[in-house]
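A.B. asks: Sharing a structure below in structure tokens format, with a few things to ask.
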Amino acid sequence: MAGKAYPDIENYYYNWTALDEAAIGAAIGKFVMEGPSCASGADISLSGKTMQVVCDKGTTGVDGPTLSYRFLTGNRLMLTENGGQSTNAGYAALKLGHLTFFAHMLPDTLRGYAVVVDDETNVATVFELWFAGYAKRKREVMREVYQGYVHQEGKEAPATRHAFNNRLEGAGYFWRQDTGAETLEYYPSIAYTHWVELTRMDRKQGYSAPADYIEIGHGKYIYTRTECEFSGIFTVYAMDTNALRQVGLRLGFNAADELEFYVFRGTGEWLGQIAKYEDFHVTTGGPMLPRPGPGQSANVDATAKGARAVYRPNETWQKMTKAEVKAAVEESTRVFAQRVGAGSGAAGMAANVQTPSERLAGKTATIRYDNGPVMEYQFVSADELRWRMNGSGEWETSRYNAWEAVDNVFLFGHILHSTEDHEGHIVVVDFETGKASCYNGYLNTPYWANEAGCRTLFGRLESAGVPDPGIDRHDFTEDMLGRCITYSYSPGLTSMHLYSTPQTTSWIIFTPTRAAGLEWCGSGAQVKIRDGLYFLYWIEEACNGTLGTILLNMRTMHDAGIGYHCGTEGLSMSPVAALLGHAGQFDVAKYFQRRPRGKKA
Amino acid sequence: MSKTMTTSRRSFLKSGAIVAAPVVAVAAPAVAFAADDSKAKLLRLEDERAIEALGRNFVRNFNASGTKGTSALFADGKAPKLAKNASRLALDPAAEPELLEIAADGARARSRYAVTVESEHALEGEGTLVQMARLQGNTATRVSEQRVLVAEYVKLEDRWAIADLRLA
């Protein structure tokens, strides 16, 4: 259903129209002879020239085309593909130093090309672009990438090519297009990218998508992004990372189902560079070819034109109704089902969980949350507590686990079994300052009932010997903003968090050679407990709905965490922990000034 | 009193050289004695080489075909399971065994080799991270650790065979 071009709700939840070939073709037909628009005026220096681009095989091994161009006056070109029939189309070109960039669609088709030529070396990169190549989302732009060269009469073909590699991995840039669109663009992977819309959307949420990174040389690169799982819009640009300039194309349908088909110039700012984890001499890059597995069909063909690894969680995760959630929770609710800790033999994300603390046993406490409930606790033992809300009703018994992250600061979690939305409280209490914070997870959220929601509660802790903090509270922080932390859960299972906005966590999975690979992201929050101690949450949105929480200690580079998840197997609260590494921090704080801070309940 | 002789290739060769030197320098009775001793040393050297070859064959066969591929090297034709998920063993080709003992009667022996054991652990679970890891080809994790391959041998009629073998 078409709405605003850039929706107010998160892209995960937008009901993207299933455009068909006819609708896509009609939209292209309106603009194909005009070519892409350009807010700052296209370059016309190709007029009157001819160019034959000879392509090698594509990234998937498909034969590359030979494209013979004749650039007419104005914005028209004639193209002959592989010596076939000549076709007229509108185009737009831009120059970036000695790079020439041009793009066009082809009449009566759903496809076109974007081409980057290095005029000094005559080496070229060609992107063949088409719609309706992915049957489940025909609005998504597909691309195949060919390396090649511009044929020079009487000269040998150049031996060099532009190359996929990892040289941009770990970099970040701010870009401002001549359209006024501003984005933060993180390149934290060899095959994925993460970006934040600063002007077209509310800059709360960043998104992740498959990308290409191709080196031209001398600080010049080509980048592409396809907004898979969302609008399907394709962006490609050539950039000069020293001059901080870009020229590129944006092609695809926005949320209003309007075709965006324009070339742009842009200027940038460097945001920094985080660590890479491959062996020092390794420069291997993408693209990552698809493999059978969750998110892809078993018969996926890595040799099909345009094929590459795309994480499509929204297609594969099992969404549940409120009634299904209720039945599943009644059938099975597991809260710290197994007491794990050092030496317990726990695997997966619990292998590095430290032994739960027994120091809350015997204590009583009351937590008064601002604009939230009053929670009374009796910690009966190391694993069992009793709670009562707002001073009324029956005391309920719940299983809990607690971890003491630093002396007198505890993380604990429990399920509130009697609540309609199967709530969980994941709480940090500081017995030295009297402050308490809670990530209040709940189910039955508006889009999918088994996807967790989370309220952030701040309050004060009352217990024997604990001082009254007065009006002091823990608070949202920007200390983590732009940071990248690696989380090694167990051998072979290491991810990296990128805190791309104050309310976004993106996670990137490392390949066996420690290149950063597939990526996804969700909303979250970052709260400061003490210097170097942060309480974070993220929701694995449109993915599996898990609420992940961690109490991260930057001084020990260890964390204690609790996951809250509901699926067909029931509701669970489980420990997670990892050995941490600090990959670096992007300098992005200034892009988030003059914004509302956090989202309190 | 120990009934075994502890040696290694280097110490054996060293003592062999010391014993060999008098062979050409002493009188006949001594030569006769030395000859007997040399024969024993030679036999021991042959045993030692056979045992070392057996160890190398075990590692080669294990890496090629897993535990089952090593059965023929065992006295009872049955290979014990080495370690859960162990997929590959690596001996340092230049390294000597930590220990190679041949019993005084020459019928039994034991050895200890430093070995690198690679284990393969399938990524389990259905969490997001695991799904993503599998999707990009991380189907299993290989872990390397330094262990000691402890073996006991028995001399059969025509050859040495492994009587028992384990990782310590």
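Every residue, every condition in (1) out of contact with any Phe, Trp or Tyr (no Cβ under 8 Å at 6 or more places or on another chain); (2) within 30 Å of A:Gly434 (Cα to Cα), yes or no:
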position: A:Ser495; (1), (2): no, no
position: A:Ser523; (1), (2): no, yes
position: A:Val527; (1), (2): no, yes
position: A:Gly563; (1), (2): yes, yes
position: A:Leu580; (1), (2): no, yes
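A.B. asks: Just for the range B:40-69: of the residues that are in contact with a helix residue (DSSP H, G or I) (Cβ under 7 Å, 6 or more places away or on another chain) and in contact (Cβ under 8 Å) with a residue 40 or more places away in the chain, which one is farthest from B:Val148 (Cα to Cα)?
C.D. replies: The extreme case among them is B:Glu48.
A.B. asks: Of (1) in a loop (DSSP other than H, G, I, E, B); (2) at pLDDT 85 or above; (3) charged (D, E, K, R), B:Arg56 satisfies all except one. Which?
C.D. replies: (1)
A.B. asks: Another question, if that's okay. Please count how many residues of the range A:430-466 are more than 17 Å from A:Pro373 (Cβ to Cβ) and among the charged types (D, E, K, R).
C.D. replies: The total comes to 3.
A.B. asks: Of the conditions (1) away from chain B (no Cβ under 14 Å); (2) in contact (Cβ under 8 Å) with a residue 60 or more places away in the chain, A:Asn299 clears all except one; give me its number.
C.D. replies: (2) is the only condition that A:Asn299 fails.
A.B. asks: Right, something else. Could you list, in sequence order, all residues of the range B:44-75 that are surrounded by 14 or more Cβ atoms within 10 Å (Cβ to Cβ) and of a type in the set (Lys, Arg)?
C.D. replies: Answer for the range B:44-75, where residues must be surrounded by 14 or more Cβ atoms within 10 Å (Cβ to Cβ) and of a type in the set (Lys, Arg): B:Arg44, B:Arg60.
A.B. asks: Pick from A:Gly470, A:Gly459: which is more than 28 Å from the chain's Cα centre (by Cα), surrounded by 24 or more Cβ atoms within 10 Å (Cβ to Cβ) and modelled with pLDDT of 95 or more?
C.D. replies: None of the other options fit; the residue is A:Gly459.
A.B. asks: Moving on. Which of the numbered conditions does A:Thr546 fail, given that it passes all the others? Conditions: (1) closer than 13 Å to B:Leu129 by Cβ; (2) away from chain B (no Cβ under 14 Å); (3) of a type in the set (Val, Ile, Thr).
C.D. replies: That leaves (2) as the condition not met.
A.B. asks: Has the range A:110-133 got any residue that is under 15 Å from A:Lys220 (Cα atoms), surrounded by fewer than 23 Cβ atoms within 10 Å (Cβ to Cβ) and charged (D, E, K, R)?
C.D. replies: Taking every residue of the range A:110-133 in turn, at least one turns out to be under 15 Å from A:Lys220 (Cα atoms), surrounded by fewer than 23 Cβ atoms within 10 Å (Cβ to Cβ) and charged (D, E, K, R).
A.B. asks: Given the conditions (1) of a type in the set (S, T, N, Q); (2) away from every other protein chain (no Cβ under 14 Å); (3) surrounded by fewer than 17 Cβ atoms within 10 Å (Cβ to Cβ), and given that A:Gln318 satisfies all but one, which numbered condition is not satisfied?
C.D. replies: Only one criterion in (1) of a type in the set (S, T, N, Q); (2) away from every other protein chain (no Cβ under 14 Å); (3) surrounded by fewer than 17 Cβ atoms within 10 Å (Cβ to Cβ) is unmet by A:Gln318, namely (2).
A.B. asks: What strands (runs of 3 or more DSSP E) completely inside the range A:330-404 contain at least 1 residues that are among the aromatic types (Phe, Trp, Tyr)?
C.D. replies: Those strands (runs of 3 or more DSSP E) span A:364-369, A:374-379, A:384-389.
A.B. asks: Among A:Asn401, A:Asn444, which is on the phi > 0 side of the Ramachandran plot, at pLDDT 95 or above and not hydrophobic (A, V, I, L, M, F, W, C)?
C.D. replies: When all the criteria are applied, what remains is A:Asn444.
A.B. asks: Sticking with this structure for a sec: Checking the condition acidic (Asp, Glu) and either at pLDDT below 95 or over 30 Å from the mean Cα position of the chain (by Cα) (or both), which residue from A:Asp383, A:Asp421 passes?
C.D. replies: Result: A:Asp383 is the single residue among A:Asp383, A:Asp421 that is acidic (Asp, Glu) and either at pLDDT below 95 or over 30 Å from the mean Cα position of the chain (by Cα) (or both).
A.B. asks: Within the set of pairs 6 or more residues apart or between chains, which connect a residue that is aliphatic (A, V, I, L, M) inside the range A:26-48 to a residue that is part of a loop (DSSP other than H, G, I, E, B) with Cβ atoms less than 6 Å apart?
C.D. replies: Hits for this filter: A:Val32/A:Pro107; A:Ala39/A:Asp178; A:Ala39/A:Thr179.
A.B. asks: Here is a follow-up. Just give me the residues in the range A:512-543 being more than 12 Å from chain B (Cβ to nearest Cβ) and under 24 Å from A:Arg225 (Cα atoms), in sequence order.
C.D. replies: Correct list: A:Ser523, A:Gly524.
A.B. asks: Taking the condition closer than 30 Å to A:Phe280 by Cα and more than 12 Å from chain B (Cβ to nearest Cβ), does A:Tyr499 pass?
C.D. replies: Against the criterion (closer than 30 Å to A:Phe280 by Cα and more than 12 Å from chain B (Cβ to nearest Cβ)), A:Tyr499 qualifies.
A.B. asks: Enumerate the strands (runs of 3 or more DSSP E) found wholly within the range A:1-100, keeping only those where 2 or more residues are at pLDDT 95 or above and in contact with a Gly (Cβ under 6 Å, 6 or more places away or on another chain).
C.D. replies: In the range A:1-100, the matching strands (runs of 3 or more DSSP E) lie at A:50-58, A:86-96.
A.B. asks: Turning to a different aspect of this structure: So, in the range A:148-179, how many residues would count as being assigned to a loop (DSSP other than H, G, I, E, B) and more than 23 Å from the chain's Cα centre (by Cα)?
C.D. replies: Adding up the residues that qualify gives 14.
A.B. asks: Condition first: free of Cβ contacts under 8 Å to residues at least 24 places away in the same chain and among the hydroxyl-bearing types (Ser, Thr, Tyr). Now tell me which residues in the range A:372-417 satisfy that.
C.D. replies: A:Tyr377, A:Ser381, A:Ser392, A:Thr397
A.B. asks: While we're here: If a residue has to be small (Gly, Ala, Ser) and crowded, with 16+ Cβ neighbours inside 10 Å to count, how many in the range A:329-371 make the cut?
C.D. replies: The qualifying residues number 8.
A.B. asks: Next question. Give the residue that is surrounded by the fewest Cβ atoms within 10 Å (Cβ to Cβ), with candidates limited to residues of the range B:78-90 that are aliphatic (A, V, I, L, M) and at pLDDT 85 or above.
C.D. replies: Here the residue is B:Ala90.
The values are calculated or read from the model by the stated rules, or taken from the named source; none is laboratory data. Since the structure is predicted, the reported quantities are computational estimates derived from the model, not experimental observations. All Cβ positions, glycine included, derive from the backbone under ideal geometry; neighbour counts span all protein chains shown.
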